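Undergrad: Can you read through this structure? Questions will come right after.
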Amino acid sequence: MSHWISGTKKPSFKNNPELPNQIANFFVVRCDPTHRRALCQMLKIDVESDSSLVSQAILKRIGGRTPSGFIKNATLVNLDSDYEWAASRIASVVKEQSEMGDVVLYTIPSLSDLGYGKENDLIEDLACSIAPVPLYQFFLVDPQRYEDSLQLFRFFLFYTKSNPSNYSGQIYFDFFTEEFSSSLFLVRNRLVSIGLRVPFVSTQHTLVVQDEEPLFRWQKTIETRISRLEPVFLRSTRQELVRLRFFYAFLLYEHYFAVYVDMFPVFMSRQQRMELIEMYGLPYDEVLLDEMYENPNIQRHIYIFRSVLMRYLVDGKIMMGNHPVHLTSEQRKRHLEHLIEQIRVDPNLQVRILPDHGPVLQADDFFSSIFVNEDCLFMTPADCDEIVYSRNRQALNVLFSVFYLLNREETQSNEDVVAFLERSLRILI
């Protein structure tokens, strides 16, 4: 046991059948006469019994078979020193599972897991290693347990992205009556990793279990809960949402927030849009749809990361509908001059240029541009036709909390943004 705890040696499952005999022999051999008499009295045998009788009595007490509820085939892993071993164990199980069809993961994250780190790299590696076999990950999350709305927001952004192409993450909100402080990561029917929080110990541990009986039971419990829930985020094509008038319904409300990770033709003149539609052969209805977001009767809060603007100034890439095109320096100048004019004259328009590593939002967290109002939200992944959207009230509350923090920290004015854009025009390439 001491070797196991110190990390110099791992327990071997092949020795498990001999453990009861070793335990019994230990007590028989090591007991002094006083303790041996007390042991015989506890076992309700003659205090003068020989060693073999005492040993058999101990075996009978501790049982020759595995007690009910005892988990077999489990390994305690110190993630600080043995993460690679745990990752390779999971990877081999996923690879075997993919040979029989798609791979399904069930995850109940703890609060610390929402900070995402090594596990997220692992998920991407797993998806790539089995491509094109689909890898589905289902999250069961209790949003009331997470006081940090920003951390939950980043979690949403990461697991709703569409890369790798064979990966799909789906989040469900559930409200746990029990206190669940650990995290759980289950590969369907094959393996589970349970995070452990050990008091007074700074290292992270996980229990890797491959015992079929509890795996089957836990999986059925999670599947039953998920079957009663609606997914927080849905996915559809842009064309289908246009057909359903989703984007028109989005603009029925008084204000919205938007964060851009790609440059859009935001506040581009109608004449310039029409010219680009003709020049690049773009779908008329899809491109002009962007004009809706410029409605002067709606309060618009637009956030553009500085790197997005700089990239646009250098290479001219802009998303026209769902189509990336590259504008000349003269076309970019014309677009930005029109944007500057709109910021000056439109009292319902607020544009802010965000630093890439700000106190609230960071550019690296975003894999999609995101639009939010009090009724719904949608995300538009870069260079992808798929759109992620939601009308879940808890999810909207999380996002509004984040934008509240952003507005509270924001010190820019429209005049500051105009001055920044005017300086930017000088470096057009």
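Undergrad: Can you give me the ranges of the helices (runs of 4 or more DSSP H) entirely in the stretch 199-288 with at least 3 residues that are in contact with a Phe, Trp or Tyr (Cβ under 8 Å, 6 or more places away or on another chain) and modelled with pLDDT of 85 or more?
TA: Helices (runs of 4 or more DSSP H) meeting the threshold: 212-227.
Undergrad: Among the numbered criteria (1) modelled with pLDDT of 90 or more; (2) assigned to a strand (DSSP E or B), which one does THR380 miss?
TA: Only one criterion is unmet by THR380, namely (1).
Undergrad: Select from the stretch 46-55 the residues that are in contact (Cβ under 8 Å) with a residue 12 or more places away in the chain and surrounded by 15 or more Cβ atoms within 10 Å (Cβ to Cβ) and write down the one among them that is nearest to GLU18 (Cα to Cα).
TA: SER55
Undergrad: With the structure loaded, tell me whether LEU405 is outside any strand (DSSP E or B), open to solvent by less than 60 Å² (accessible area, probe 1.4 Å) and more than 30 Å from GLU275 (Cα to Cα) or whether it fails that test.
TA: yes
Undergrad: Another question, if that's okay. Given the conditions (1) modelled with pLDDT of 85 or more; (2) in a loop (DSSP other than H, G, I, E, B); (3) not basic (Lys, Arg), which single one is not true for THR8?
TA: Going through (1) modelled with pLDDT of 85 or more; (2) in a loop (DSSP other than H, G, I, E, B); (3) not basic (Lys, Arg) one by one, THR8 breaks only (1).
Undergrad: Checking the structure you have, find out if any residue of the stretch 214-230 is open to solvent by 90 Å² or more (accessible area, probe 1.4 Å) and under 30 Å from GLU294 (Cα atoms).
TA: Checking the stretch 214-230: not a single residue is open to solvent by 90 Å² or more (accessible area, probe 1.4 Å) and under 30 Å from GLU294 (Cα atoms).
Undergrad: I'd like to verify a number: residues in the stretch 249-263 that are acidic (Asp, Glu) and either over 28 Å from the mean Cα position of the chain (by Cα) or over 27 Å from ASP364 (Cα atoms) (or both), how many?
TA: Matching residues across the stretch 249-263 total 1.
Undergrad: For PHE403, only one of the following conditions fails: (1) in contact with a Lys or Arg (Cβ under 6 Å, 6 or more places away or on another chain); (2) of a type outside the set (Val, Ile, Thr); (3) modelled with pLDDT under 90. What is its number?
TA: So the condition that PHE403 fails would be (1).
Undergrad: Within the stretch 353-365, how many residues turn out to be closer than 22 Å to MET268 by Cβ and open to solvent by 20 Å² or more (accessible area, probe 1.4 Å)?
TA: 0
Undergrad: Follow-up question, since we're still on this one. Could you check how many residues of the stretch 383-397 are modelled with pLDDT of 90 or more and part of a loop (DSSP other than H, G, I, E, B)?
TA: Count: 2.
Undergrad: If you don't mind, there's one more thing I want to ask. Would you say GLN350 is closer than 20 Å to HIS255 by Cα, part of a helix (DSSP H, G or I) and touching a residue at least 60 places away in the same chain (Cβ under 8 Å)?
TA: Considered against the rule, which asks whether it is closer than 20 Å to HIS255 by Cα, part of a helix (DSSP H, G or I) and touching a residue at least 60 places away in the same chain (Cβ under 8 Å), GLN350 comes out as no.
Undergrad: Moving on. Give the residue that is most open to solvent (accessible area, probe 1.4 Å), with candidates limited to residues of the stretch 71-99 that are hydrophobic (A, V, I, L, M, F, W, C) and assigned to a strand (DSSP E or B).
TA: That would be LEU76.
Undergrad: In the stretch 311-344, how many residues are on the phi > 0 side of the Ramachandran plot and modelled with pLDDT of 90 or more?
TA: Going through the stretch 311-344 one residue at a time, the tally reaches 1.
Undergrad: Take the residues of the stretch 32-43 that are without any contact (Cβ under 8 Å) to a residue 12 or more places away in the chain and within 16 Å of LEU59 (Cα to Cα): which is most open to solvent (accessible area, probe 1.4 Å)?
TA: GLN41
Undergrad: While we're looking at this one, here's another question. Assigned to a helix (DSSP H, G or I), in contact with a helix residue (DSSP H, G or I) (Cβ under 9 Å, 6 or more places away or on another chain), of a type in the set (Val, Ile, Thr) and at pLDDT below 85: is that true of VAL308 in this structure?
TA: In short, no.
Undergrad: Let me ask something else. What number of residues in the stretch 389-400 are closer than 14 Å to ALA258 by Cα and either free of Cβ contacts under 8 Å to residues at least 40 places away in the same chain or out of contact with any Lys or Arg (no Cβ under 9 Å at 6 or more places or on another chain) (or both)?
TA: 3
Undergrad: Please find, within the stretch 321-345, the residue that is nearest to the chain's Cα centre (by Cα) out of those that are assigned to a loop (DSSP other than H, G, I, E, B) and buried (at least 16 other Cβ atoms within 10 Å of the Cβ).
TA: Looking at the filtered set, the residue picked out is ASN322.
Undergrad: Which condition number in (1) free of Cβ contacts under 8 Å to residues at least 60 places away in the same chain; (2) open to solvent by less than 10 Å² (accessible area, probe 1.4 Å); (3) assigned to a helix (DSSP H, G or I) is the one that SER424 fails?
TA: (1)
Undergrad: Out of LEU105, LEU111, which single residue is surrounded by 13 or more Cβ atoms within 10 Å (Cβ to Cβ), modelled with pLDDT under 85 and touching a Lys or Arg at 6+ places or on another chain (Cβ under 9 Å)?
TA: Residue meeting the stated conditions: LEU111.
Undergrad: Can I ask one more? Which of the residues spanning the stretch 120-132 are at pLDDT below 85 and surrounded by fewer than 19 Cβ atoms within 10 Å (Cβ to Cβ)?
TA: Result: ASN120, ASP121, LEU122, GLU124.
The values are calculated or read from the model by the stated rules, or taken from the named source; none is laboratory data. These numbers come from a predicted model, not from an experiment. In this analysis, Cβ positions are derived from the backbone assuming ideal geometry, glycine residues included, and neighbour counts consider all displayed protein chains. These area figures cover heavy atoms from the full protein model, side chains too; ligands, DNA and RNA do not enter into them. Shrake-Rupley method; radii C 1.70, N 1.55, O 1.52, S 1.80 Å.
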